[in-house]
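Since every read-out is calculated from the coordinates, none of them should be taken as a lab result. Quick caveat, the model's predicted, so the values are computed rather than measured. Cβ placement follows ideal geometry from the backbone for every residue including glycine, while neighbour counts extend to all protein chains displayed.
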Amino acid sequence: MQKATTVRLVALVALATFLNFADRGNLATAAALLKGELRLDNTELGILLSAFYWTYIPAQLVSGWMIDRFGPWRILAAGVALWSLATILLGVLSGFALLLLLRLLLGLGESVTFPAEAKLMAQQIPPAKLGIANAWVTVGQALGPSAGIFIGGLVMAGHGWRTMFLLFGLVSLVWLIPWARTQTPEPIVEEAATLPSPSFADIARQRSLWGACLGHFCCNYALYFMFSWLPLYLVDNQGLSVTAMARFGGLLYLGYAVSALVSGWAADRAIAAGASVNRVRKTVIVLGNLGVGLCLATPALANTAISLTALFVSGFMFGMITPALYAIGQTLAGPAATGKWGGIQNGIANFSGIIGPIASGAIVDATGSFVWAFISVGVITLAGVVGWAFIIPCVAPVAWPARGAKI
């Protein structure tokens, strides 16, 4: 019974991640139609696109505290309900000010997702088995943007952009039905029931936290670069048609998803066979970072065929990284601190979503090409190796102070 509940839990968490990434990107999908109908200029559109992160990032800390204090089950449900309603209203209301408010509410609702999921994983799954569980969450993360663009585009073509927002929001609301019908499982990892949640100060004193934050930031920097600039690069610089670009991007994200499942499963198998959690998680994520860094630097120096091959391979490298990335944070924090730890780590890492796309665009404008943009992303990704390999001493649960929980 416990195993079936855990499987259902992981499936619903992966689906929530899928909906999270589909909903956060639907404004970009609708941008061309929405901009014309509402008479928005490029500056206003840029503000709306970035406003999501204005609440998403700082709310990570509050979400992490609430999850450790009140439990992840209800907080995740409340977050999904809030972002679903914000998405629905984006298809109903008009005007720059109202749309800005709804984007802020969307970021607030989605801020609970990763801290809550990290807490649930840490409570329900032993560290040696976190690879495949996080791999399924990564599948949701990889396929969400791809499906959001594809399905959203079809809906807009036939019924307009407002219908797309309404449909996406309603589908996210439906997720709450199986979530409410799933029995809240008791924590199976012993630490979850015996230790209070440490304070933010206790967590901030951990060297491993800052290693994980650095590594996660560098990984996200590369990922947001791909989200933001890959379509334009493929069409304008490599001469692909829009259809060919869409197919290439879809295959890249599919490779990302498949690689995540394979790497998560293989890592757990290696641990089950006797390898240490520390050695397996560090090896996988360091090799993945090296692979992504080299693949994203290659287009700066290579011809079209080699560049496209390297970009395609980068999808598989991203798939290696992501399950290990989440598993490392969950293992270090343990069930008692995963909510707050995840809030800090994911919050800092997502500053790359603000900094990276702007910095890359400025580099392209200044140099007239993507050469230095690709080189800079490759170098930053490689810098993440420092965090994973050297700043984190060992991937093992932190020994938290044995005292009452603090804010």
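Computed values, structure above
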{"read-out": "Lysine pairs in the chain with Cα atoms under 17 Å, if 8 or more residues apart or on separate chains", "value": "5"}
{"read-out": "Given the chain, longest segment not containing exposed loop trypsin sites (Lys or Arg not before Pro) (DSSP; at most 16 other Cβ within 10 Å)", "value": "206-402"}
{"read-out": "Net length gained if the chain between Trp265 and Glu44 were fully extended (0.36 nm per residue, minus Cα distance)", "value": "75.1 nm"}
{"read-out": "Semi-axis lengths, Å, the chain, gyration tensor of Cα atoms, sqrt of 5 times eigenvalues", "value": "32, 26, 19"}
{"read-out": "Cα-centre dipole for the chain with unit charges at Cβ (Lys and Arg positive, Asp and Glu negative), debye to 20", "value": "700"}
{"read-out": "The range 61-187, Cα convex hull volume normalised per residue, Å³", "value": "114"}
{"read-out": "Cβ-defined net charge surrounding Gly152, 15 Å radius [Lys, Arg +1; Asp, Glu -1]", "value": "+1"}
{"read-out": "Length-normalised contact order for the chain - Cα pairs under 8 Å, 6+ apart - percent", "value": "27"}
{"read-out": "Amide N proximity, the range 23-40 versus Val235 label position 7 Å along Cα-to-Cβ, cut-off under 17 Å", "value": "26-36"}
{"read-out": "Protection proxy ranking of 345-351, 388-394, 9-15 - average other beta-carbon atoms within 10 Å, highest first", "value": "345-351, 9-15, 388-394"}
